[in-house]
1. At 37 °C and 0.692 mPa s, what whole-number value in µm²/s does Stokes-Einstein give for the translational diffusion of the range 90-162, with Rh from the Kirkwood sum over Cα pairs?
2. In Å and on Cα atoms, what radius of gyration and Dmax does the range 1-68 show?
3. In whole Hz and in residue order, list the ³J(HN,Hα) couplings for the range 60-73 that follow from phi through the Karplus curve 6.51 cos²θ - 1.76 cosθ + 1.60, θ = phi - 60°; x for Gly and Pro.
4. Using a 10 angstrom cutoff on alpha carbons, build the Gaussian network for the chain and name the most mobile of 142, 80, 36.
5. Separation of the range 130-144 and the range 57-84 by C-alpha centroid, Å?
6. Give the lysines reachable from residue 140 as a straight Cα distance under 26 Å; neighbours fewer than 8 places away on the same chain don't count.
7. Based on alpha-carbon atoms only, what is the radius of gyration of the range 27-166 relative to the globular estimate 2.2 N^0.38 Å?
8. Quick one: which residues, 5+ away or cross-chain, put their amide H under 5 Å from the amide H of residue 90? H built at 1.01 Å from N.
Amino acid sequence: MPEVVQISLPILSVIAAASGISLLGLILLAVRQSRQQKIWQGIVGGESRAELEAMLTRHAEAQTTILSELDEVRTRLDLQERKMQSAKRYVGLVRFNAFDEVGGEQSFALAVFDEEGDGWVLSSLVGRESTRTYCKALVKGQAEQNLSREEQEAIERGSRSTGARR
């Protein structure tokens, strides 16, 4: 006669809880798989294998074209960035009265330079009888000649206007 195995109530409760958790996990996986199946059907629809392969080939070719165009854009951007480094885009202007007898701040100092601080300072001193114009080269933000207070201020204004690295 076969033996009857008796299982205690706590062990039976643990087995029942584990079975319930497993059943719940199985239901969640079935729902998730159903959602994934709907997404897949939305992507491929009723396409045949040949149609899917053709679609993937078209997408791969389009991606290759896009990557090639992206490389061209990067090359052009690099060229523009190199050009911008030498572009004279930092400008500072100071107007002032060079002589006591002339008012209206008609004299000026204009600093124009690039990312590296290379450029020039143009100064015009306006008097009653004459006007004098000077141009001083800048290399790395420094001039070989002495700069007036106004010329130095024009360089500082140019540096502050756009954040140059002098």
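No lab work stands behind these numbers, since they all come straight from the coordinates. Quantities reported herein were computed from a predicted structural model and do not represent experimental measurements. Don't worry about glycine lacking a Cβ; one is built from the backbone with ideal geometry, like all the others, and counts go over all protein chains shown.
1. 268 µm²/s
2. In order Rg, Dmax, the Cα atoms of the range 1-68 give 25.1, 81 Å.
3. So the Karplus estimates, Gly and Pro as x, are 5, 5, 5, 5, 4, 4, 4, 5, 5, 5, 5, 4, 4, 5 Hz.
4. It is 36.
5. Between the Cα centre of the range 130-144 and that of the range 57-84, the gap is 42 Å.
6. 83, 88
7. Against the empirical 2.2 N^0.38 Å value, I get 2.18 for the range 27-166.
8. 113
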